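Scroll down for the structure; my scribbles are underneath it.
The values are calculated or read from the model by the stated rules, or taken from the named source; none is laboratory data. Computed from a prediction, not measured in an experiment: that's the story for all the values here. When we count neighbours, we look across all protein chains shown, and the Cβ atoms used for this are built from the backbone with ideal geometry, even at glycine.
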Amino acid sequence: MEDYNKIIESLGVRFIKAKHLDIVQPVRVVNFYDVENSLVLLDKGHLYYGQDNIQVKEGELLFIPAGKPAIITYGPPSSAVTVSNEEFLNNREKYFRRHVPSTENEVSSENYHYVTFEAKVFDSVGFFTSLDIPAFTIAPHKKLSYLMNEVAIESETTLPGKDRIVHLNTDQIVVEIVRYILQNKLFVEQLATNSTYFKDPRLIDIFTYIKNSLGGDLSNKVLANVANVSEDYVGQYFKMLTGINPQDYIEYQRMEMAVNLLRTSKKSIRAIGNDVGYKDTAYFCRRFKMMFGIPAGKMRRRESLMNV
């Protein structure tokens, strides 16, 4: 348990977004994917996930790790329209609206809270992504439900201290998810296998170097120099400890940064591609769409126009 205390202490958490939404049109997303972690609290109605349509009951939570494709159904499956992730991202207003509490004479609609956030070890590598765990259900959890509600309320205010409260509550959400995994002995094999690399200082050096050099040369030769191992061995070494090829990891980090720049800057697609290490804009756009199922330009328009 002491090792996990060290990991939790090393986590850098960044709040992205929180909403409370009504489901206006049931929808099944066949390849849901996001670069951030998502925690969904089903307040009322229907929510399913996975190939087997696992049901999330009212009051339960669904955690979807960053970078893990999933099948998600919001609302009753019998009346849900099936869409791709691209269609879903481009047309969210068809399926959801901001939740408005019902009056006594109205029947409240199906609705849920969600919070999205980053959680990175040593501010370099996505913690939940690196563990390679799937989406899973969390049983009714008073503290998590309270924290999610507080984050959703605070994120909509303009009161002094808003950002600090949102940050503190998001931090606690991440800790509670880790505690839940450990206390319920979930994913024991994945945790034993995929958490060992947090103890390897050479690998942490590689993670840190990649994070700070996404626009530059990140060949295996460069990574070998950082870790002080041979060029022939560095790929094997990285995959042995993380379960992923270093160049695949680098591409994921580059695309994650590209999404962040699309959301937060007015830089051109060409400039963003160059900033994250792609000198060929056409190639960057092809790889972006292949990873997210949506063109980079549409991702930007979606983020700028999206109200839900």
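Descriptive notes on the structure:
- Looking across region 27-56 at every residue that is within 19 Å of residue 110 (Cα to Cα), in contact (Cβ under 8 Å) with a residue 60 or more places away in the chain and assigned to a loop (DSSP other than H, G, I, E, B), the one that is nearest to the chain's Cα centre (by Cα) is identified as 46.
- Within region 107-161, restricting attention to residues that are in a loop (DSSP other than H, G, I, E, B) and of a type in the set (A, V, I, L, M, F, W, C), the residue that is nearest to residue 238 (Cα to Cα) is 122.
- In region 270-278 there is no residue that is without any contact (Cβ under 8 Å) to a residue 24 or more places away in the chain and part of a loop (DSSP other than H, G, I, E, B).
- Scanning region 206-223 for residues that are in a helix (DSSP H, G or I), touching a residue at least 24 places away in the same chain (Cβ under 8 Å) and over 16 Å from residue 256 (Cβ atoms) returns 206, 220.
- Residue 166 falls short on exactly one of the conditions (1) of a type in the set (A, V, I, L, M); (2) in the same structural domain as residue 65 (by TED's automatic domain parsing); (3) assigned to a helix (DSSP H, G or I); (4) over 19 Å from the mean Cα position of the chain (by Cα), and that condition is (4).
- For region 224-255, filtered to residues that are assigned to a helix (DSSP H, G or I) and touching a Lys or Arg at 6+ places or on another chain (Cβ under 6 Å), the residue that is surrounded by the fewest Cβ atoms within 10 Å (Cβ to Cβ) is 231.
- Among the conditions (1) within 30 Å of residue 145 (Cα to Cα); (2) polar (S, T, N, Q); (3) not assigned by TED's automatic domain parsing to the domain that holds residue 152, the only one that residue 247 does not satisfy is (1).
- Set side by side, the residues 62, 89 differ, and just one is in contact with a Phe, Trp or Tyr (Cβ under 9 Å, 6 or more places away or on another chain), under 19 Å from residue 27 (Cα atoms), part of a helix (DSSP H, G or I) and of a type in the set (A, V, I, L, M), which is 89.
- Residue within region 223-245 that is of a type in the set (Asp, Glu) and closer than 30 Å to residue 91 by Cα present: no
- When region 170-180 is limited to residues that are under 17 Å from the mean Cα position of the chain (by Cα) and either free of Cβ contacts under 8 Å to residues at least 40 places away in the same chain or in a loop (DSSP other than H, G, I, E, B) (or both), the one that is farthest from residue 62 (Cα to Cα) turns out to be 172.
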